[in-house]
Every structure is written in C-alpha cells, then in structure tokens.
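Visitor: Just passing along the structure, written as structure tokens.
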Amino acid sequence: MKKTPVLITTLLLLAMTASAQSAEKISSILKARETTCAQAAYLAAAYLTDRDGNAVSDELTEQSAFDQMVTAGYISEKRSPDDAIKLKELANMYMHVTGASGGLFYSLFHTPRYAIRELKARGVIPERADPSQTVNGRDTIAVMNGCISISGGAK
C-alpha cells in the first residue's frame, strides 16, 4: 500500500474536526500493532460524525463507537472491544460506513467477502492479503482512506 500519501490525507481529513483528545486517539491507533474493534469503530464513528457536519466530540469514546457499530450491525455482537479486528471485518465496516460503491456482487450481497474483493481490485489492499489477518494501525487508516476515496471523499 502507498502508506505515506494515504496516511497524510487521512490524518488531514480527520484533523480538520478533531480535538486534542481525538488527535491522541488517532495517534494511538496509528501506533497499534493490532487494531482493536473499538479503535476501528472509533474511526468509523468519527467519519460519520464529520460527514454529517458535526465536530467530533471529546465525548466520543472507543466504547461508545464500538457500541454504535455493533448496533448498526457492522461488528458482531460476539466480538469484544479489545479483540483485534480482522481485515475482512474492517473492509466491510468501512465500505458500509463510507457508502463506497462496489462491483456487482458487493452491491448485491454487502458481505465481507465482496468488500475484500472490491478493495483488492481497486488497489486499496494488497492482492495477497489474507482476509483473516489482523490489521495494524497504519493499514487501518489506509483502508479507511481508500474507502473514503472510493465513496467520493468526505461529504
């Protein structure tokens, strides 16, 4: 993945509305060797908040974001906030949250399998990436940025 431009673009998008506390959260996500479900959910919830024209509040926590994504059905109820997120879960959640369009099968089924295939086809994730692998912080942000780009950018 082209990490540097993706990273800079995503950080700039998120920094436009992020408070100091939010910036600390983004930094902790970037440094993560394995992104947790709660951290991935935080990025998704922050994107939704910003997309809707609201500032990302200090009250948005990883736990509240995780709960929001579980309620929306993007994360399984069987998962814990501290579980490492799998690439297939991350791709599916971010494709849904950003409203990224996909190919025929993704458009029909909206499943992790087709989210992964779409992101591989568009070069967002490497062709050889294992859908069951855990994701580090930099790659998490790269996937989010790729989905934002596919959807037409932050609205």
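The values are calculated or read from the model by the stated rules, or taken from the named source; none is laboratory data. Here the structure is a predicted model, which means the values were calculated and not measured. Please note that ligands, DNA and RNA were not included when accessible areas were found on the heavy atoms of the full protein model with its side chains. Shrake-Rupley method; radii C 1.70, N 1.55, O 1.52, S 1.80 Å.
Visitor: With no solvent and one point per C-alpha, what does the Debye sum give as log10 I(q)/I(0) for the chain at q = 0.10, 0.11, 0.12, 0.14 Å⁻¹?
Guide: Results for the chain at q = 0.10, 0.11, 0.12, 0.14 Å⁻¹ read -0.29, -0.36, -0.43, -0.60.
Visitor: Further question on the same structure: I need the Debye-formula profile for the stretch 62-107: one equal scatterer per C-alpha, no solvent, reported as log10 I(q)/I(0) at q = 0.24, 0.27, 0.31 1/Å, two decimals.
Guide: Debye output, listed in q order: -0.90, -1.06, -1.26.
Visitor: Taking the chain as the reference, fit the longest principal axis to its C-alpha atoms, fit the long axis of helix 137-151 to the helix C-alpha atoms, and give the angle between the two in degrees, 0 to 90, nearest 10.
Guide: Computed tilt is about 70 degrees.
Visitor: For the chain, set up a Gaussian network in which alpha carbons nearer than 10 Å are linked by springs, and say which option among 102, 137, 123 fluctuates the most.
Guide: 123
Visitor: Right, another one. Heavy atoms only, probe 1.4 Å: what % of the accessible area of the chain goes to carbon and sulfur, would you let me know? Present the calculation step by step, with values, prior to reporting the outcome.
Guide: On the way: 4080 of 7870 Å².
Answer for the chain: carbon and sulfur cover 52 percent of the accessible area.
Visitor: Also, I was wondering about something else. Just to be sure I understand: with springs between alpha-carbon atoms less than 10 Å apart, which residue in 77, 62, 89 has the highest mean-square fluctuation in the Gaussian network model of the chain?
Guide: Answer for the Gaussian network model of the chain: 77.
Visitor: While we're looking at this one, here's another question. Enumerate the amide H contacts of residue 102 below 5 Å, restricted to partners 5 or more residues apart or on another chain; note that Pro and chain-start residues carry no placed amide H.
Guide: 107
Visitor: Right, here's the next one. So what's the gap between the Cα centers of the stretch 42-60 and the stretch 83-114, to the nearest angstrom?
Guide: Spelled out, the Cα-based centre of one part sits 20 Å from the other.
Visitor: So how do 86, 25, 31 rank on accessible area, 1.4 Å probe, biggest first, that is with the largest at the start? Let's see the in-between values first.
Guide: Values: 86 65, 25 30, 31 165 Å².
Heavy-atom accessible area, descending, gives 31, 86, 25.
Visitor: Counting each DSSP H run of 4 or more residues in the chain as -39500 (n - 2.57), what helix-only mean residue ellipticity at 222 nm follows after dividing by all residues, to the nearest 500 deg cm²/dmol? Each step should come with its number before you reach the end.
Guide: Numbers: 8 runs with 93 residues, N = 155.
Calculated from helices alone, the mean residue ellipticity at 222 nm is -18500 deg cm²/dmol.
Visitor: Could you give the angle, 0 to 90 degrees to the nearest 10, between helix 20-31's Cα long axis and the longest principal axis of the Cα atoms of the chain?
Guide: Compared with the principal axis, the helix lies near 40 degrees.
Visitor: Could you work out the relative contact order of the chain? I mean the mean sequence separation of Cα pairs under 8 Å and 6+ apart, divided by the number of residues, in percent. Don't skip to the end; give the middle numbers.
Guide: Values: 205 pairs, mean separation 52.8, N = 155.
Over the chain, the number comes to 34 percent.
Visitor: Something else about it: With a probe of 1.4 Å, find how much accessible area the chain has per residue, and write the answer as a whole number in Å². Mind dumping the intermediate values first?
Guide: Numbers: 7870 Å² over 155 residues.
Computed with neighbouring chains in place, this is 51 Å² per residue.
Visitor: Compute the acute angle (0 to 90°) between the alpha-carbon long axis of helix 3-15 and the principal axis of greatest extent of the alpha-carbon atoms of the chain; round to the nearest 10°.
Guide: Tilt of helix 3-15: around 40 degrees.
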